[in-house]
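Structure first, then comments.
The values are calculated or read from the model by the stated rules, or taken from the named source; none is laboratory data. Note that the structure is a prediction, hence the values are computed from the model and not measured. Neighbour counts run over all protein chains shown; Cβ positions are idealised from the backbone, glycine included. Just so you know, the surface numbers come from the protein's heavy atoms only, side chains and all, with ligands and any DNA or RNA stripped out. Shrake-Rupley method; radii C 1.70, N 1.55, O 1.52, S 1.80 Å.
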Amino acid sequence: MTTATLTITRPDDWHLHLRDGELMASVLPHSARCFARAVIMPNLKPPVTTAAAARAYYDRILDALHPDLDFTPLMTLYLTDATTPAEIERARADGVVVAAKLYPAGATTNSDDGLTDLARARPVFEAMAACGMPLLVHGEVTDPAVDIFDREAVFLERHLRPLIDAVPGLKVVLEHVTTKQGVDFVLQGPSTLAATITAHHLLYNRGAMFKGGLNPHYYCLPVLKREEHRLALVAAATGGSPKFFLGTDSAPHARSAKECDCGCAGIFSAPVAIEMYATVFDEAGALHRLEGFAGHHGPMFYGLPFNRSTLTLVRETRPVPDVVAGGAAGELVPLGAGAPVLWSLEAPDHTLRYRG
Ligand code: NCD
Ligand code: ZN
């Protein structure tokens, strides 16, 4: 039998969508109950494109945070064709922005203002390299001629390799890597190249979207892939390489926006994320490597200190709630709704009080 409890450095989430307003206030405690810090994605409407907007968003998050919860948002800038090197420098100087996000225009939710031509953004990437700011990449081509299941693999060769070659000092995170090609690309790349991995891409293959019917709550971008890719992700996450770290890509959408004619892409995993990662590591016989993946590799890459506090997980099966409150947005359906998850947070003093 495996370990019954596991205490690790308190983890961070290196890729999180918190949204804004009431929805943010509803989902924030689900992340803050266990993650000490999270990299906050900037794809709001309108997107967070300036240092001033990032600072204002940071303030709104802290205003919405319950005073008993200890959580630091790490902000990001959304790169557009109009982003200037001066804006990168302003963001760096302001102090709350840790990274900038490259969305290829049209690749995913709220990415219409993203970059249309990576070559034109070269001065921005050079400014980032000069100040050590990581570039977070949504690594999918938008070319409609490329099959949706191949969009990540094609992006690597068509766009990411030339970018890395052109700006060698730039730190790059291939966000939510989903394929064996992505894992190999990261492993073979320079030490300035890393990747985040979601819990859902570790736990599910593309069959989950179609099991017994069409399951919109398993639809996200990049889309779930074949089993061979899931296995490559599990090997990467549990293998101990510091190039891979935890990024949930928890992306809440109202139930009504998921269960409709044209449902939104995004999986809301925050209420169960660390529990699901623990389950994956347990099943892979690699619980001793969860701490590195969840609590050490991210700060090492970003050049930030490890968290000093700890988090204790217990091997105790609990059901995932069917729905979670989302404020004015209505109900949210969390990843794995209704099913049991093998690991839980230790009965906490203050953390679980704020669960949905
Ligand atoms: C994200 C969202 O909803 O903002 N959706 C998703 O499917 N992951 C955007 C993103 O990270 O691609
Ligand atoms: Zn995302």
Query raised in the report: Can you pull the Kirkwood radius for the chain, inverse mean 1/r over Cα pairs, to one decimal in Å?
Result: 20.1
Requested in this report: State which entries of K101/K171; K211/K243; K171/K258; K45/K225 exceed 23 angstrom in Cα-Cα distance in the structure shown.
Outcome: K211/K243; K171/K258; K45/K225
**Report entry** Approximate shape of the stretch 165-310 as ellipsoid semi-axes (Cα gyration tensor, √5λ), whole Å, largest first
**Finding:** 26, 17, 16
Query raised in the report: Given labels modelled 7 Å from the Cα in the Cβ direction, how far is it in nm from E89 to D165?
Result: 3.0
Report summary line: Longest principal axis of the chain (C-alpha) makes with the long axis of helix 227-238 (C-alpha) an angle, in degrees to the nearest 10, of 90
Report task. Taking every pair of alpha-carbon atoms in the stretch 222-278, give the share separated by more than 16 Å as a whole percent. Result -> 58
Report summary line: For the stretch 195-347, whose charge dipole is built from +1 on Lys and Arg Cβ atoms and -1 on Asp and Glu Cβ atoms, the candidate among S269, T279, C220 with its Cα farthest towards the positive end is C220
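Please compute the contact order of the stretch 1-78 in relative form: average sequence separation of alpha-carbon pairs under 8 Å and at least six residues apart, divided by the residue count, as a percent.
36
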Query raised in the report: Per the 1.4 Å probe, what fraction of the accessible area of the stretch 5-345, in percent, lies on carbon and sulfur atoms?
Result: 53
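Roll a 1.4 Å probe over the protein chains and send me the accessible area per residue for the chain in Å². Kindly include the intermediate steps, with their values, before the conclusion.
Working: 13730 Å² over 356 residues.
About 39 Å² of surface per residue is accessible.
Suppose we keep just the DSSP beta bridges with both residues in the stretch 5-345; what percent of those would be antiparallel, to 5?
On the way: 10 of 36 bridges.
Among the beta bridges of the stretch 5-345, antiparallel pairing accounts for roughly 30 percent.
Please give the calculated 222 nm ellipticity per residue for the chain, where each DSSP H segment of at least 4 residues contributes -39500 (n - 2.57) and the sum is spread over every residue; nearest 500 deg cm²/dmol? Display every interim value, and only then the final one.
Values: 12 runs with 104 residues, N = 356.
After summing the helix terms and dividing by residue count, I get -8000 deg cm²/dmol.
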